Amino acid sequence: MDLEDFTNPARLNFFYKFLDYEEAVIAIYSGDQRSKNKAHKLAQLLRGKFSSIEEVEGKDLFGFIKKLESAPTPSKKLLLVIEFAKKCFNSIDGILTAATKRGEVAKLTKATKYPNVLEAANNFLTEPTSQKLSYLMAAIQLNPETSAYRRDLLNRLVKVLRIHEENNDLSLMESAQRFQRDFRHAGRPIRHNKLIGTTLLVKGLEYHHAIILEADAMTPKELYVALTRGAKSITIVSLKSVIPT
């Protein structure tokens, strides 16, 4: 199966049968940067039914926090938050008003579809604190139209904001660094049991079922890592009948 053949409906339907499994399922790409991007894109296309895993270093999270702290105005901060939210959720544009998407205070009208999201965005513009950002992200997450496909990234931000709320003496970046230290010691929690990752991110971990994606493009070393992740079953997705050995 060619996972990049967007004319083939079976490309995504293939994954849905695994949703019936109560046990943990991991879909695995090879370990290069292009494959990391593919993992996020596939999770997005599957509308969060499978959630993609982040690298331990949290580059996207730290990059966002650095930009957020240096943004000169609440408007620019809100635009950065919307950009970040699109990395975590589907359907963001559909739940925001035109004014909110411009980084402006929006007026509540009878036509406003989601007043709680509008209010949370306006409150953040008025006072761009970690608490107000937490409320905005929660309003987006609870919205019926959105689906989180990078839960790992989202959960890390939520924890950083909580640390910042509870420690007024720390900057947001310092709060992120404290979270990162704790994260390295505690390890990666698994709250969602349908996941997509790369060989680098799942090495040393075990799941009940493993789906090896684009197996023909993997090196023998990557393939070995992928083949040894599933305790009960292995499913191989490949364009070729022969894979590296």
For Ile243, state whether it is of a type in the set (Val, Ile, Thr) and in the same structural domain as Ser30 (by TED's automatic domain parsing).
no
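Are there helices (runs of 4 or more DSSP H) fully within region 153-245 with at least 2 residues that are closer than 25 Å to Lys49 by Cβ? List them. Can you show your working first?
Values: elements: 172-186, 199-202, 220-227.
The qualifying helices (runs of 4 or more DSSP H) are 199-202, 220-227.
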When residues of region 112-152 are filtered for being within 23 Å of His192 (Cβ to Cβ), surrounded by 18 or more Cβ atoms within 10 Å (Cβ to Cβ), out of contact with any strand residue (DSSP E or B) (no Cβ under 8 Å at 6 or more places or on another chain) and touching a residue at least 40 places away in the same chain (Cβ under 8 Å), how many remain?
4
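Scan region 97-110 residue by residue and report those that are buried (at least 20 other Cβ atoms within 10 Å of the Cβ) and of a type in the set (A, V, I, L, M, F, W, C).
If we filter region 97-110 for residues that are buried (at least 20 other Cβ atoms within 10 Å of the Cβ), which is where we start, we get 97, 100, 106.
Once the filter is applied, which keeps residues that are buried (at least 20 other Cβ atoms within 10 Å of the Cβ) and of a type in the set (A, V, I, L, M, F, W, C), region 97-110 yields only Ala106.
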Conditions (1) out of contact with any helix residue (DSSP H, G or I) (no Cβ under 7 Å at 6 or more places or on another chain); (2) under 18 Å from Leu154 (Cα atoms); (3) at pLDDT 95 or above -> Phe64 fails only (1)
Taking into account only those residues within region 211-241 that are hydroxyl-bearing (Ser, Thr, Tyr) and farther than 18 Å from Asn193 by Cα, which is farthest from the chain's Cα centre (by Cα)?
Ser241
How do the pairs read when you match residues in region 1-27 that are in the same structural domain as Leu42 (by TED's automatic domain parsing) and among the β-branched types (Val, Ile, Thr) with residues anywhere that are at pLDDT below 90 and exposed (fewer than 12 other Cβ atoms within 10 Å of the Cβ), using Cβ under 7 Å and keeping only pairs 6 or more apart or on different chains?
none
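The values are calculated or read from the model by the stated rules, or taken from the named source; none is laboratory data. Just so we're clear, the structure is a prediction, and the values are computed from it rather than from any experiment. Virtual Cβ from ideal backbone geometry, glycine too; neighbours counted across all protein chains shown.
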